[in-house]
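The values are calculated or read from the model by the stated rules, or taken from the named source; none is laboratory data. Note that the structure is a prediction, hence the values are computed from the model and not measured. So basically every Cβ, Gly included, is an ideal-geometry build from the backbone, and we count neighbours across all protein chains shown.
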Amino acid sequence: MKVLISCDYTDSGEHVLEEACKFLAAFPEAEVHVFNVIDMSVVSAAGMYNNGELISSMEMDAQELGKKAQAIFGKKKIYFASEVGFPADMVLQKATNLKADLLILGTHGRTGLNRLVIGSVAENILRQAHCNTLVIPIK
């Protein structure tokens, strides 16, 4: 079974990793891939795309996430990747390319105006995913 865990480098991402690790304890044979997307919409909005300062900082955060993921999963071998792009598109593409059997991601559970303005990556992924998907609430 191939599992793709999509998370960011915040405390929320760490929570997703911890919960995924607990869930996957029942599937010791699972091949685990942890995926981080450096959000291009944040980079573009910050207006720093050309000089790369923000991307460089986010890449360093992604490297730390990879180390945290390995620490959370302990001796289990995990595969870690980080790419720049738009989160929903990149996660769906990664899941398809990997031929994932299960996709695990978190949701902030935004509603109302926040959801309208910020959107819901988790909802976009749920609507388009071609594999089983487990959504972990962050709150």
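Tabulated values for the structure
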{"quantity": "Restricting the stretch 100-119 to residues that are out of contact with any strand residue (DSSP E or B) (no Cβ under 7 Å at 6 or more places or on another chain) and outside any helix (DSSP H, G or I), the residue that is modelled with the highest pLDDT", "calculated": "His108"}
{"quantity": "Out of Met1, Met48, sole residue that is surrounded by fewer than 16 Cβ atoms within 10 Å (Cβ to Cβ) and at pLDDT 80 or above", "calculated": "Met1"}
{"quantity": "Inter-residue pairs, beta-carbon under 8 Å, first in contact (Cβ under 8 Å) with a residue 12 or more places away in the chain and in the stretch 119-139, second in a loop (DSSP other than H, G, I, E, B) and acidic (Asp, Glu), 6+ apart", "calculated": "Cys131/Asp101; Asn132/Asp101"}
{"quantity": "Residue in the stretch 23-43 that is among the hydrophobic types (A, V, I, L, M, F, W, C), part of a helix (DSSP H, G or I) and either touching a His at 6+ places or on another chain (Cβ under 8 Å) or at pLDDT 90 or above (or both) present", "calculated": "yes"}
{"quantity": "Residue under evaluation Asn97, criteria (1) at pLDDT 85 or above; (2) in contact with a helix residue (DSSP H, G or I) (Cβ under 6 Å, 6 or more places away or on another chain), criterion not met", "calculated": "(2)"}
{"quantity": "Filter result (over 27 Å from Ala25 (Cβ atoms) and among the aromatic types (Phe, Trp, Tyr)) within the stretch 68-94", "calculated": "Phe86"}
{"quantity": "Looking only at the stretch 59-75, and only at residues there that are in contact with an Asp or Glu (Cβ under 8 Å, 6 or more places away or on another chain) and of a type in the set (A, V, I, L, M, F, W, C), the one that is modelled with the lowest pLDDT", "calculated": "Leu65"}
{"quantity": "Matching residues in the stretch 1-18 - criterion: being over 11 Å from the mean Cα position of the chain (by Cα) and more than 18 Å from Ala129 (Cβ to Cβ)", "calculated": "Asp11, His15, Glu18"}
{"quantity": "Any hit, the stretch 7-20, residues being at pLDDT 75 or above, of a type in the set (A, V, I, L, M, F, W, C) and closer than 18 Å to Phe86 by Cβ", "calculated": "yes"}
